[in-house]
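> Let me begin by handing over the structure; questions about it come next.
Readers should treat all values here as calculations from the given coordinates under stated rules, not as data from a laboratory. Bear in mind that the values here come from a model prediction, so they are computed numbers and not experimental data. In this analysis, Cβ positions are derived from the backbone assuming ideal geometry, glycine residues included, and neighbour counts consider all displayed protein chains.
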Amino acid sequence: MALKFLVDVGIGKKVETWLIDNGYDVLSVRDIDPRLLDQAILQIAVSENRIVVTMDKDFGEMIYRAKQPHTGVLLLRLDDAPSDEKVRVVAHIINNHADKMEGRYSVYKSGKIRIR
């Protein structure tokens, strides 16, 4: 089954477009409600079996401290990166690690991906 994504507001439209152009089922927080709370984002992702793509570190707190259920989170630590770099990183991660992402908490930082 192909991965499905819920893309958080801070990720940007170019990443959403790349995912869609590459055949992924993408839902955008921007299209639902740009002010949607993280808890609600996680609930939508779980109900629709989507991986959250975000730059918001609060998801780690919710998953590890609060033990919230999730179907996968990809946290990009690319705070000042231009959109083209975000697309390049997301493409690389998905092309090389898609089989390990579902149901896992993945963090990309400084050229490395940690999946647990």
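> So which trypsin sites (Lys or Arg not before Pro) in region 1-94 end up in coil per DSSP with only 16 or fewer other C-beta atoms within 10 Å? Could the numbers behind the result be given before it?
Working: sites: K4, K13, K14, R30, R35, R50, K57, R65, K67, R77, K86, R88; in loops: R35, R50, K57, K67, R77.
For trypsin sites (Lys or Arg not before Pro) across region 1-94 that sit outside H, G, I, E and B with at most 16 neighbouring Cβ atoms in 10 Å, the list reads R35, K57, K67, R77.
> Taking the Cα atoms of the chain, report the difference between the largest and smallest coordinate on each principal axis, in whole Å and largest first.
Computed over the Cα atoms, the extents are 32, 32, 29 Å.
> Would you mind counting up the charge near P34? Only other residues with Cβ under 14 Å from its Cβ, with Lys and Arg at +1 and Asp and Glu at -1.
Details: positive: K13, R30, R35; negative: D8, E16, D31, D33, D38, D56.
So the environment of P34 carries a net charge of -3.
> Given Cβ point charges of +1 (Lys, Arg) and -1 (Asp, Glu) and nothing else, what value in debye, to the nearest 20, does the dipole of region 4-115 about its Cα centre take?
Using Cβ point charges on Lys, Arg, Asp and Glu, region 4-115 gives about 400 debye.
> While we're looking at this one, here's another question. Kindly count the pairs of lysines across region 1-113 whose alpha carbons are less than 15 Å apart, treating pairs on different chains or eight or more residues apart as eligible. If you can, show how the numbers build up before the last one.
Numbers: K4/K100; K13/K86; K14/K86; K57/K67; K57/K109; K86/K109; K86/K112; K100/K112.
Number of lysine pairs found: 8.
> Expressed in nm to one decimal, what extension gain is obtained for the pair K57 and L27 from 0.36 nm per residue of sequence separation less their Cα-Cα distance? Walk me through the numbers before you get to the answer.
Details: separation 30, 0.36 × 30 = 10.80 nm, distance 1.99 nm.
Using 0.36 nm per residue and subtracting the Cα-Cα distance, I get 8.8 nm.
> List S110, S47, S28 from most exposed to least, where exposure is judged by having the fewest other Cβ atoms within 10 Å.
Numbers: S110 6, S47 9, S28 19.
Neighbour counts put them in this order, fewest first: S110, S47, S28.
> Next up: Arrange D25, D8, D84 by Cβ neighbour counts within 10 Å, fewest through most, would you?
On the way: D25 15, D8 26, D84 12.
Result, fewest neighbours first: D84, D25, D8.
> Next question, about the same structure. Just to be sure I understand: of the beta bridges DSSP finds with both ends in region 72-116, what percent are antiparallel, rounded to 5?
On the way: 4 of 8 bridges.
Taking every DSSP beta bridge with both residues in region 72-116, the antiparallel ones total about 50 percent.
> Continuing with the same structure: Can you tell me the relative contact order of region 3-95? Whole percent, Cα pairs under 8 Å, sequence separation 6 or more. List each step's numbers first, then the result.
Details: 118 pairs, mean separation 30.2, N = 93.
The normalised contact order for region 3-95 reaches 32 percent.
> Over the chain, what is the percentage of antiparallel beta bridges among all DSSP beta bridges, to the nearest 5? Walk me through the intermediate numbers first.
Details: 4 of 18 bridges.
Bridges in the chain are about 20 percent antiparallel.
> Please identify, among I32, I41, I93, the residue showing maximal mean-square fluctuation in a Gaussian network model of the chain using a 10 angstrom Cα cutoff.
I32
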